[in-house]
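Structure, as structure tokens:
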Amino acid sequence: MLKTAFLTLLSLAIAIGLGGGSVWYALNSQDGVGAIRIGRWTAFPDIGTQAADPYSKARIAREGVLALGRAEGLSFVAERDESGEPLKRECAYTIEGGYPTARFWTLYAADQSLGVIDTGKARRAALQSYEVLRQPDNSVVIAVGNRPAPGNWLLTNGFGKMYFVLTFYDTPIASSTGLSDVTLPRILKAGCNA
């Protein structure tokens, strides 16, 4: 009898542990259920709609953010550079390329909570489409790091993991047909502090 009770409790502990672990992974992974990937950027296009999966709804409820509906826009998050290495705050990057059609877009460097990195200075770790300098072909080149750079510069500092969050507002790419031929900027590592 004691052996049966022990095996039952062990089975329940394993089931609860594995179930809880899989939910934690699904809520924290940027490649979770309902995600689409374009280059190194990941988005959840259904997150602010009735068609959102339960994990997306739980992620939004846990983080307490206001999700954009399809008509409002779409947010992309990058956690790795073009070579597949995780983004680090102590490294410098270049974000270059074209941006899809949108009335307005924002780009910011984020911490683990996907909030804007606190730089400790008056300059925030964020840029928006109305303030960037563009190349003749309408592409944008943004230097990211703790040292000032000519042109577009996104200030970051500190150590640890970092994300880039790129949000497009009032854009046709938010529709289900608009995502097929979208290209997003590349993230190239320029070097790291020694």
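Every read-out reported here was derived from the displayed coordinates using simple, explicitly stated rules and does not represent laboratory data. A quick note: this is a predicted structure, and the numbers were derived from the prediction, not measured. Quick reminder, even Gly has a Cβ in these numbers, built from the backbone with ideal geometry, and neighbours come from all protein chains shown.
Below are the figures for this structure:
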{"read-out": "Counted charge near ARG89, where neighbours are those whose Cβ lies closer than 12 Å (Asp, Glu -1; Lys, Arg +1)", "value": "-1"}
{"read-out": "Dipole moment magnitude, nearest 20 debye, the range 101-181 about Cα centre, only Lys, Arg, Asp, Glu C-beta charged", "value": "300"}
{"read-out": "Where labels lie 7 Å past Cα in the beta-carbon direction, separation of SER113 and THR4 in nm", "value": "5.0"}
{"read-out": "Around ILE187: net Lys/Arg minus Asp/Glu count, Cβ-Cβ under 15 Å", "value": "+3"}
{"read-out": "THR101 versus ARG124: modelled label distance in nm, points set 7 Å from Cα along the beta carbon direction", "value": "2.8"}
{"read-out": "Net lengthening on full extension, GLU131/SER11 (0.36 nm per residue, minus Cα-Cα)", "value": "37.4 nm"}
